[in-house]
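S.K.: I am attaching a structure below and will ask some questions about it afterwards.
Since every read-out is calculated from the coordinates, none of them should be taken as a lab result. Here the structure is a predicted model, which means the values were calculated and not measured. Note that each Cβ is placed from the backbone with ideal geometry, even for glycine, and that neighbours are counted across all protein chains shown.
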Amino acid sequence: MRISSPKLNIMYKACMKASRSLIRDFGEIENLQVSSKGPGDFVSSADKRTEKIIIDELLKAHPDYGVLSEEAGRLNEKNKTNKWIIDPIDGTSNFLNGIPQFAISIGYEENNEIKNGLIYDPIKNELFFAEVGSGAFLNNSRIRVSKKKNLKNSLIGTGGPRGNSKFKNKIFSEYLEVSNNVEIPVRKFGSASLDLANVACGRFDAFWQRELSHWDVAAGILIVKEAGGFVDYFDIDNNDSKKLNLIASNSLVHEELRNLITKKNIEKN
Ligand code: IPD
Ligand code: CA
Ligand code: CA
């Protein structure tokens, strides 16, 4: 792996150690699915196990750094300068159902700017990573966003809504609006970090989703940008900075997609 940055090296080691346990746990899912108890509890403990390995390894290198992680929440809150942002399993429902589409996502933020990002798909053995200013990589190769110019021919990903979302109608009408303007059906793969990785390496031309959390996208945003893509936000709720409504694209189809999603006459609730 061509990782020369010290920060990425720390993230890589933590991720690889955690992924060994995660792959073992994924191997158990099939057995648990046929058991009467089901895999629910096991998955939440796999989540916590993976997270603990990652946090322990990252804090071993920098014990005073802050942490924002999906299950553990915030640690070392006094440190306002350096922060690891972690999603131990992004794509939990896939993992729970034995579907091999999930990832470990780790971002490193310094002075409120993401400096390093790493997303690892342990099943495909695909490691996406970037350092600010140094380009984006998939395993040993430099990656670039796609060159597609028209939304009509684009392959676009999205996600949500969760069952309890207050924005269901908006989300469905945005989905309808985009679907009515593309030839290839919109994809919904269930792991936002991998959706962003797919934009970065040109498999997707664009991705949008409401109600994302920082740990879903911290690493992915940097990887898309470093691959030459564009990321911005729509319908920003100033009262809820924890939920991000995000559009990421190859930059060439961005405006067209943004115009559809923010179109005035689509359902608002
Ligand atoms: C979820 C996945 C999913 C997205 C959800 C996220 P989780 O993360 O990224 O693709 O649609 O909004 O919460 O719960 O699997 O870590
Ligand atoms: Ca997630
Ligand atoms: Ca998660």
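S.K.: Order of 172-184, 224-236 by packing, highest average Cβ count within 10 Å first?
M.R.: Highest-to-lowest ranking by the protection proxy: 224-236, 172-184.
S.K.: Nearest 20 debye, what's the magnitude of the dipole of the chain about its Cα centre given +1 on Lys and Arg Cβ and -1 on Asp and Glu Cβ?
M.R.: Charge dipole of the chain: 340 debye, to the nearest 20.
S.K.: Using only the alpha carbons of the chain, what is the convex hull's orientation-averaged projected area in square nanometres?
M.R.: Dividing the Cα hull surface by four gives the mean projection, 14.4 nm².
S.K.: Relative to the longest principal axis of the chain, what angle (0 to 90°, nearest 10) does the C-alpha long axis of helix 40-61 take?
M.R.: It works out to around 70 degrees.
S.K.: Something else now. Output needed: percent of Cα pairs per 10 Å distance bin for segment 179-229, bins running from 0 to the one holding the longest distance.
M.R.: Reading upward from the zero bin: 25, 54, 20, 1.
S.K.: Sticking with this one: Could you work out the relative contact order of segment 151-268, using alpha carbon pairs under 8 angstrom and six or more residues apart, expressed as a whole percent?
M.R.: The normalised contact order for segment 151-268 reaches 30 percent.
S.K.: Just for segment 151-268, what percent of DSSP beta bridges are antiparallel, to the closest 5?
M.R.: 70
S.K.: Hey, another quick one. Which whole-number percent gives the relative contact order of the chain, counting Cα pairs below 8 Å spaced six or more residues apart?
M.R.: Once divided by the residue count of the chain, the mean separation gives 17 percent.
S.K.: Here's something else I'd like to know. Using Cα atoms only, what is the angle between the long axis of helix 6-33 and the major principal axis of the chain, expressed in degrees (0 to 90) to the nearest 10?
M.R.: Long axis of 6-33 versus the principal axis of the chain: about 80 degrees.
S.K.: Given q = 0.15, 0.21 Å⁻¹, what are the Debye log10 I(q)/I(0) values for segment 6-143, with equal point scatterers placed on the Cα positions and solvent ignored?
M.R.: Scattering profile of segment 6-143, log10 relative to I(0): -0.72, -1.23.
S.K.: Putting +1 on Lys and Arg Cβ atoms and -1 on Asp and Glu Cβ atoms, find which of Q101, G117, G38 reaches farthest to the positive end of the dipole of segment 1-124.
M.R.: Of Q101, G117, G38, it is G117.
S.K.: Compare the Cα positions of T92, S251, A219 along the charge dipole of the chain (+1 at Cβ of Lys, Arg; -1 at Cβ of Asp, Glu; about the Cα centre) and return the one farthest towards the positive end.
M.R.: Of the options given, the answer is S251.
S.K.: How far is helix 168-179 tilted off the main Cα axis of the chain, in degrees rounded to 10, range 0 to 90?
M.R.: 70
S.K.: Does segment 48-100 classify as rounded, prolate or oblate by the C-alpha gyration tensor (a ≥ b ≥ c root eigenvalues; a/c under 1.5 gives rounded; else a/b over b/c gives prolate, otherwise oblate)?
M.R.: prolate
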